[in-house]
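Okay, so here's the structure we're looking at.
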Amino acid sequence: MDALIARAINDLAPARRAVALTGAGISIDSGIPPFRGPGGLWERFDPMEIAHIDSFMRNPAKVWKVLVKDLKDVIDAARPNDGHCGLARLEQLGILTSVITQNIDGLHQMAGNTDVIEFHGTFAWQRCMQCDRRIATSKVDASRLPPRCACSGILRPDAVFFGEMIPPVALWRSQEVAARCDVMLVVGTSAVVQPAASMPVIAKEAGAVVIEINPEPTALTGGISDYLIQGKAGDVMNRIVAGLEAKR
Ligand SMILES: [Zn+2]
């Protein structure tokens, strides 16, 4: 592991257009449960039943009650952890330009990254279904469900429900930054779900070094990623950032 940390520091030190691709694994230490996998939200709920846009349209109060309100409480309380803060520090150091994330928790922005591309939109904001006005989720009064905008329109998460498209701007921007990055850090995601899965491939084909930081090997390991640093995102990022700062 020490040798791989040193290798990552050497690869990142000269980088100027590094990009991170992140997933649920980076936010677990912030208290945000993953949607998929053991202990995930989708073990408790059938996503097609409760997180499909058709369910929301049919009965927004019910979806707010069983899913959105809980998620709001969890995300309102969440703060960035060392994994998020490490990526923000890489941006401050002039090494990393962008974060592509599958998460909807808004924690990369809270940590200080300025170019965050969100495949699945964001739960940090709600959008009025009538006038399109956006309201910070933390400012939404969820005592009456579904919460409504001043115009009386129903508020919905500004995130992508099942049955909805990935925002096209997020898709083309992520392809663009992946194609011109010098290093891609894959953090806390097995990147099996499209379109996230294609980003490390685009980066690799463009000649970037692909570094994976995950607790376990993934389908990327040994093929697409140049190497895997096995561990928790926060611990690994702390060591990498400390090494880069020591080089200055
Ligand atoms: Zn409105």
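The values are calculated or read from the model by the stated rules, or taken from the named source; none is laboratory data. Source: prediction; values computed, not measured. Methodologically, a virtual Cβ is constructed for each residue, glycine included, from the backbone with ideal geometry; neighbour enumeration extends over all protein chains shown. What goes into the accessible areas is simple: the full protein's heavy atoms, side chains included, and nothing from ligands, DNA or RNA. Shrake-Rupley method; radii C 1.70, N 1.55, O 1.52, S 1.80 Å.
With only Lys, Arg, Asp and Glu charged, each at its Cβ (+1 for the first two, -1 for the last two), find how big the charge dipole of the chain is about the Cα centre; round to the nearest 20 debye.
Dipole magnitude for the chain comes out near 680 debye.
Ignoring any ligand, DNA or RNA, what whole percent of the accessible area of the chain comes from carbon and sulfur when the probe is 1.4 angstrom?
Accessible surface attributable to carbon and sulfur in the chain totals 53 percent.
In square angstrom, what is the accessible area per residue of the chain with a 1.4 angstrom probe?
Accessible surface, normalised per residue, equals 46 Å².
Can you tell me which lysines have their Cα less than 28 Å from the Cα of K69? Leave out same-chain residues fewer than eight positions away.
Excluding near neighbours in sequence, the set is K139.
Over all directions, average the projected area of the Cα convex hull of segment 188-240 and note it in nm².
Mean orientational projected area (segment 188-240, Cα hull): 3.5 nm².
Checking the a/c ratio against 1.5 first, then a/b against b/c, what shape does the Cα gyration tensor give for segment 11-130?
prolate
Can you tell me the Rg and Dmax of the chain, counting just the alpha carbons, in angstroms?
Rg and Dmax of the chain, Cα atoms, are 18.5, 58 Å.
What's the FRET efficiency of R133 with Q230 using the Cβ-Cβ distance as r and R₀ = 35 Å, to the nearest 0.05?
Efficiency for this residue pair is about 0.20.
Apply the membrane-span-like helix rule to the chain: whole DSSP H runs, Cα extent along the own long axis of at least 18 Å, mean Kyte-Doolittle hydropathy at least -0.5. List the helices found.
Qualifying helices, which must be both long enough and hydrophobic enough, are 233-246.
Given contacts defined as C-alpha pairs under 8 Å and at least six residues apart, what's the relative contact order of the chain, whole-number percent?
26 percent
List the trypsin sites (Lys or Arg not before Pro) in segment 89-183 that DSSP assigns to loop (not H, G, I, E or B) and whose Cβ has at most 11 other Cβ atoms within 10 Å. Which are they?
R144
State the Cα centre-to-centre distance between segment 1-75 and segment 187-208 in whole Å.
So the separation of the two Cα centres works out to 17 Å.
Using alpha-carbon pairs under 8 Å, 6+ residues apart, how would you state the relative contact order of segment 139-233 in percent?
Here the relative contact order equals 20 percent.
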